[in-house]
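Below is one structure, written out as structure tokens; the observations come after it.
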Amino acid sequence: MGAVDVDYLEAIVLILTHLEEARAALRAAIEQSSSIVAFTGAGISTECGVPDFRSKDSPWMRYRPIDFDVFMSDILMREEAWRRKFALDDIYAMAQPGRGHYALAGLVAGGKATAIITQNIDNLHQVSGVPEERIIELHGNGSYAACLSCGWRHELGDIRRDFEATGAAPACVKCAGPVKPATISFGQAMPAEAVQRAHDATIACDLFLAIGSSLVVYPAASFPSLARLHRARLVILNGEPTPLDAEADLVLRGDIGDILQPFAA
Ligand code: NAD
């Protein structure tokens with residue numbers, strides 16, 4: 001036999017689809033690690049009633065998204081953005097954290113997980129009890145709004161009341177600047193501080209858990225590869241294949257809530 005082909009060995013990925021095997025493998029990975037970073041996408045919140053982005057019939061895909069420059073330049077489209085925002089909010093107004101959120105909250109509370117990097121905007125990690133300083137939101141937070149000029153925080157209840165009365169897109173009470181949901185639109189710059197914190201947490205962890213993301217939205221989806229580059233183990237948990245599965249040490253394919261349920265106690 002010739003020399004061992006290291007690249008070939010590194011390309012071997014363990015993909016587990018059996019529930020008990022997946023749970024056991026995840027438990028072992030967690031026990032062997034001392035510094036976990038979780039990276040979450042919309043899939044962790046579907047059992048909470050928040051539809052994900054790319055699945056069939058997703059309400060997020062019903063209309064072509066309104067890009068940031070259009071929101072800024074076209075007042076009619078800005079009003080349309082607010083109409084859509086409130087319609088979507090009505091879909092998941094009652095959402096509560098699921099088993100995945102509570103499992104991760106437990107890992108943070110137990111000192112195992114140092115950070116949760118999330119693409120989600122649904123605020124459910126906060127509601128599950130994870131301290132704000134452990135949550136890194138790459139795409140903002142949809143539970144409030146902010147002035148794009150001065151940054152002043154605006155509550156959605158106040159904006160909605162005025163919007164429903166006048167139909168006019170909100171302006172800042174402090175500086176009259178444009179107010180936008182505190183989420184990141186297509187074409188809008190990612191929040192630099194959050195990106196830096198996510199980078200720092202990622203390169204310092206020894207286990208990176210990517211949960212419920214199709215891993216196609218960049219630059220967010222670059223963090224799993226960054227973790228791998230810095231020698232963390234990469235575990236991907238998702239219901240369907242992702243483009244990064246071949247980079248992972250372990251792929252758990254199944255329902256997020258089912259696999260994480262024992263960790264949620
Ligand atoms: P995505 O919709 O592209 O991918 C979600 C993945 O989760 C899919 O591969 C899907 O098959 C999987 N999935 C869904 N439910 C699952 C379950 N119960 N068990 C296992 N797998 C499951 O989402 P994304 O990668 O997070 O990208 C979407 C973007 O849209 C994000 O950047 C986010 O900002 C935004 N978004 C956020 C929310 C939210 O806050 N909950 C919801 C929709 C969209």
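Worth a mention:
- The calculated P(r) of the chain, using every Cα pair and 10 Å bins from 0, goes 7, 29, 33, 19, 9, 2, 1, 0 in percent.
- Neighbour net charge for Leu104 - beta-carbon separation under 11 angstrom, K R +1, D E -1: +3
- Just so you know, the Cα atoms of segment 111-209 work out to an Rg and Dmax of 15.8, 52 Å.
- Accessible area per residue, Å², segment 93-145 with all protein chains present, probe 1.4 Å: 36 Å²
- Of the peptides 27-35, 110-118, the ranking by mean beta-carbon count within 10 Å, highest at the top, reads 110-118, 27-35.
- Kirkwood Rh and Cα Rg combined as Rg over Rh, evaluated for segment 147-265: 1.12
- In this structure, the pairs whose alpha-carbon distance is over 29 Å, taken from Lys56/Lys112; Lys85/Lys112; Lys56/Lys180, are Lys56/Lys112; Lys85/Lys112.
- The listed peptides 138-145, 207-214, 160-167, 243-250, ordered by packing as a protection proxy, come out as 207-214, 138-145, 243-250, 160-167 (highest mean of other Cβ atoms within 10 Å first).
- Across the chain, C-alpha contacts under 8 Å between residues 6 or more apart give a mean separation that, scaled by the residue count, equals a relative contact order of 27 percent.
- Sulfur and carbon atoms: percent of accessible area, the chain [1.4 Å]: 55 percent
The values are calculated or read from the model by the stated rules, or taken from the named source; none is laboratory data. These numbers come from a predicted model, not from an experiment. As a convention, Cβ positions derive from the backbone with ideal geometry for all residues, glycine included, and neighbour counts pool all protein chains shown. Each accessible area value is taken on the protein alone, full model and side chains, heavy atoms only, with ligands, DNA and RNA left out. Shrake-Rupley method; radii C 1.70, N 1.55, O 1.52, S 1.80 Å.
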